[in-house]
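J.: Structure provided below as structure tokens; questions to follow.
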Amino acid sequence: MSALTQVVRSGVGRRRVQTIVIGLVVMIAVTSAVLGGSLMVASHGPFDRAFKQQQGAHLTAQFNAGTVTEAQLAASASAAGVAASAGPFATAQFALAGPGGNPVPPLNIVGRADAGGTVDRVVIVDGRWATGPGEIVLATGDGLRLPPKVIGQQWKVTDAPGSPSVTVVGTARSVSQTGDAWTTPEQLAAWTGADGPRTYQMLYRFTAAETAEQVQTGRTAVEATIPAGAVASAQSWLDVRREATGDTVLLVPFLIAFGVLGVVMAVLIIGNVVAGAVSTATRRIGILKALGFTPAQVVRTYVVQALIPATVGAVLGAVAGNLLTLPILAQTNRIYGTNDSGVALWVDAVVVGGALAMVAVTALAASARAGRLRSVDALAVGRTPRPGRGQWAARLTGRLPISRPVTLGLAHPFARPVRTISIVAAIAFGAAAVTFAVGLGTSLNRVQEVEDIADVQVGMAHHFEAGGPPPGPQRPQPLDDPAAIEKVIAAQAGTGGYMGVARSEITAVGITGKLDAVGVTGPDSARYYKMVSGSWLSGPGQIIVSTPFLTAAGKEVGDSIVLTDDGVDITVKIVGEVFNVDNDGMQVVTDIATLRQAEPELAPMTYYVTTRSGTDAGSYAQALSTALTSLSADANPLNHEPDEMIIIINALTGLLSLMLMVVAGLGVMNTVVLETRERVHDLGVHKALGMSPRQTTAMVIASVVVTGLVGGAAGTAVGVLLQRTVITEMASSVGFRLPDSVLDVYSSAELLFFGLAGLVIAVVGALLPAGWAAKTRVAVALRTE
């Protein structure tokens, strides 16, 4: 065994705390990097992967059963450009009632014998496929509010002959969103009765479908093979893709932010650990050089001493990162119906290689100076810090009316300013991680709250849309007597507020294509939208729009624009910018009186109701439905379940924040261990002069108070800035600006708490070495040089 190898082994064995800290820091850094990298890879195009795995439909077409035959639809599969097809499947819309008689918005039910096929392979999420009479499979997603443990529940098909019962045998997900529920073809035929199927569904995959023009070309070719007017509706996969991929955009800036935090903190702490190991071994380096070690050998010794635990930590971190990726990615697999394992070997290789390279470079930089020291200088300096450092701090703290051991501890960080700065930075990043995590989670939850303000939706009986306010893509029928309905809503016990909504299609000067216009009425319409800038509507002739509309039109709040509704030009003023993601932000909200200039008979189609605090939305909806029966209207509770992607981000936020806090605590512990070992002789003198173990502990803990407070304050400021930057980037990546209520989420008390988090990290990290210092015997300390 060479002398160099013996020195390396001795160094790794003797410096156990430093060895363990380097291994743990690298392990946690690699774990977070592998986790973040794997999820970034998985979040890149999950819909596209699911679409490919499940052979999604490029075009989902509904045909009027009375104008086309099944044979004609089957023949349409030979149209030019059609690569594969599935169907025809009989479809019909039915209203259902869940357990307890709770009404469910009408579902588009497809008669389909199995979940497989050449197009749109439906993924079973839970349970099984419907194979016999009286069985149904429900689609999962945002459209239908499924109760817990839905499998095995008995539902009723309320508008089928005899209101038959049906058993929910499974839940499934279609990447092409081809149905709200599925049953056997025979069962659907029994529900539709002698009238037969109401519509047929055909699913097509085209040889070219990357652009809207290519999808339209394929649709035109299909329509040319069937009777004119047979197409009832058609949905392009590009529209489904645009809606589905909006959530995944959130992950990228979030993961980048945490990745940068983890890498920077790892660099700081590893550099601090290695630099501390070198500085505390200056005398040993002098001895090695006196024995004939060259500067290059000295440098190589300390680089290898750092790489040994780093390699072990990197391997363990890669394994841990992959293991943590699996359950989190299982959630995204459930959302999109994919079957990705989450393990990307190239990500592991890049992260592990990068971490070890980072350790090597950091150790090289820290040990290069020691390698250049002359033997006589290293032997003379030993562990002694430069004379005079921190004396001004010692004199200043000595005047404080507190015990001397505490003042000695408070002054100590100023004796080694470079090391103190590095540990302040580590604590700051730990505090920043906590601040950022809480702020990001709160912001995302407030975005969800903006979309979930209303509790109940009122519309014509059996014509409900499934989403929350503002209205979704379905077109409900106008209500027969809106004024009477408003009176019933206002009189219903538990009503907190309501908004009526009428919808129309318009065009706007400077914007290509048709836009969705929402005409609002009611005393509380302003509460259903969150303003970014400007003011709410104060009368007709005004509109509020979102950032994408302003960008597309080249307008600002305060400008005027001409809208065209049913051939009538209406000049309106943009009075406010609102956070509204409907129709990708291209929706216009105005007073219903504005649209009545072109459509005098326009009436509300839907009412959104907010219940008072403590009111059960389900019970309220049932009671309101009963009161609205004579007006041919009905009420349904809206889905307020947390968005699955927000749940994933909140879980990641907590996990990664915990990792960064542990890394920060390890850095503090290592630094205090170094400081304590360097001052072991001083500790012996203090204890010989009468310092008790409790006072020794207080002195060591006091030595991290200043760094903890400074690091906590700096970290809180960085965390707030990071939260605003990341959440703003999340919104701007999809073309939106956010209201202040989503950005400004911290209270004064919370900021104070986060600032003190740095002190908590510092104190917890110092507890172990403080206990070791308190137990050190005087004789051992005094004979230690």
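J.: Residues that are crowded, with 19+ Cβ neighbours inside 10 Å and either at pLDDT below 70 or in the same structural domain as Phe436 (by TED's automatic domain parsing) (or both): which helices (runs of 4 or more DSSP H) entirely in the range 611-692 hold 3 or more of them?
T.: Working: elements: 617-628, 644-678, 680-688.
Passing ranges, in order: 644-678, 680-688.
J.: Do any helices (runs of 4 or more DSSP H) entirely within the range 384-471 hold 2 or more residues that are modelled with pLDDT of 75 or more, and if so, which? If you could, list the steps in order and put the result at the bottom.
T.: On the way: elements: 391-398, 404-411, 417-451.
By residue number, 404-411, 417-451.
J.: May I pose another question? Can we say Lys514 is among the basic types (Lys, Arg) and at pLDDT below 85?
T.: On the way: among the basic types (Lys, Arg): yes; at pLDDT below 85: yes.
For Lys514, the condition - among the basic types (Lys, Arg) and at pLDDT below 85 - is met.
Let's see how each residue does on (1) of a type in the set (Gly, Ala, Ser); (2) open to solvent by 60 Å² or more (accessible area, probe 1.4 Å); (3) at pLDDT below 85:
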{"site": "Thr728", "(1), (2), (3)": "no, yes, yes"}
{"site": "Gly735", "(1), (2), (3)": "yes, no, yes"}
{"site": "Val745", "(1), (2), (3)": "no, no, no"}
{"site": "Glu750", "(1), (2), (3)": "no, yes, no"}
{"site": "Gly758", "(1), (2), (3)": "yes, no, yes"}
{"site": "Ala762", "(1), (2), (3)": "yes, no, yes"}
{"site": "Gly765", "(1), (2), (3)": "yes, no, yes"}
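J.: For the range 422-438, which positions are open to solvent by 10 Å² or more (accessible area, probe 1.4 Å) and closer than 12 Å to Leu756 by Cα?
T.: Once the filter is applied, which keeps residues that are open to solvent by 10 Å² or more (accessible area, probe 1.4 Å) and closer than 12 Å to Leu756 by Cα, the range 422-438 yields Ala428, Val434.
J.: Let me ask something else. For the condition in contact (Cβ under 8 Å) with a residue 40 or more places away in the chain and open to solvent by 10 Å² or more (accessible area, probe 1.4 Å), what is the one hit in Val562, Val557, Val568, Val589? Please lay out each step first, then the result.
T.: Details: Val557 fails: in contact (Cβ under 8 Å) with a residue 40 or more places away in the chain; Val568 fails: in contact (Cβ under 8 Å) with a residue 40 or more places away in the chain; Val589 fails: open to solvent by 10 Å² or more (accessible area, probe 1.4 Å).
Result of the check over Val562, Val557, Val568, Val589: Val562.
The values are calculated or read from the model by the stated rules, or taken from the named source; none is laboratory data. The model shown is predicted, which means the values in this text are computed figures rather than measured ones. A quick note on method: Cβ atoms are made from the backbone with ideal geometry, for glycine too, and the neighbour counts reach across all protein chains shown. In case anyone asks, the SASA skips ligands and DNA or RNA and just uses the protein heavy atoms, side chains included. Shrake-Rupley method; radii C 1.70, N 1.55, O 1.52, S 1.80 Å.
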